[in-house]
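This report concerns only the one structure given below.
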Amino acid sequence: MVYEKSTRGFNEFSSNQRTLSVRERQVLLLVNGVRNLDDLNKFFKQDQLLDTIRKLESEGYIQRPQEQRAQQVMPASMHTPTITTSLLETTDQVAPICPTKLATVKSILIEATDDYLGMMGRGIKTKIESCENETSLRQCISSWHMAMRESKLGRESTSFLMEQIHQTLEGNIIDTASSAQPQH
């Protein structure tokens, strides 16, 4: 079974308030709409993982992707046509994002990746550069955030940069040059 982060799940990383334990945040960070439970089992003990997944789902941090929810709701005789239609609809329903917001967030991510992750961030940088919609951008933000938190150099700046990204996505675009330098 595959899970994806809900809006509440993304907000857990973009706000400065922590509501989850370290293990819950680790699991939430690895949930990306692609990894299934078998993939996650490689990182955590199965019983702990299942308890954490149940808690994250019941509290609204993660959800099953739209296709899986459609499969559970429909009767067995209707599965095949519904799934086909659902898959076609979901590929067309990619979250639209303002090109200015997309470019601004990508700029913040790429600049920080160059500054703090160096050669170790090449893969993330390539993914960021190829982002074209909000869904892929959020997946990149998640990967970038995890790498920055693990980085010795980037750890200190991550919260500030996530706040910039959050503000940009909410519509309050921040000038990175003026806000990065403290006023004297």
- Please verify whether segment 71-86 includes one or more residues that are modelled with pLDDT under 90 and in contact with a Leu (Cβ under 6 Å, 6 or more places away or on another chain). no
- Task: Find the residue count for segment 1-53, including only residues that are among the aromatic types (Phe, Trp, Tyr), surrounded by 13 or more Cβ atoms within 10 Å (Cβ to Cβ), out of contact with any His (no Cβ under 8 Å at 6 or more places or on another chain) and within 18 Å of SER143 (Cα to Cα).
- Result: 2
- Query: Quick one: what pairs do we get from segment 12-28, first residue part of a helix (DSSP H, G or I), second among the acidic types (Asp, Glu) and open to solvent by 40 Å² or more (accessible area, probe 1.4 Å), C-beta under 9 Å, 6+ apart or different chains?
  - Reply: SER14/GLU163
- Query: Here are some conditions: (1) modelled with pLDDT of 85 or more; (2) loosely packed, with under 12 Cβ neighbours inside 10 Å. MET148 meets all but one. Which one does it not meet?
  - Reply: (2)
- Collect the residues in segment 25-58 that are of a type outside the set (A, V, I, L, M, F, W, C), at pLDDT below 90 and closer than 14 Å to SER6 by Cβ, keeping them in residue-number order. ASN32, GLY33
- Taking first residues from segment 132-151 that are touching a residue at least 24 places away in the same chain (Cβ under 8 Å) and second residues anywhere that are surrounded by fewer than 20 Cβ atoms within 10 Å (Cβ to Cβ) and of a type in the set (Asp, Glu), the pairs with Cβ under 8 Å that are 6 or more apart or on different chains are none
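The values are calculated or read from the model by the stated rules, or taken from the named source; none is laboratory data. Remember, it's a predicted structure, so these values are computed and weren't measured experimentally. So basically every Cβ, Gly included, is an ideal-geometry build from the backbone, and we count neighbours across all protein chains shown. Ligands, DNA and RNA are excluded from the accessible area calculation, which covers all protein heavy atoms including side chains. Shrake-Rupley method; radii C 1.70, N 1.55, O 1.52, S 1.80 Å.
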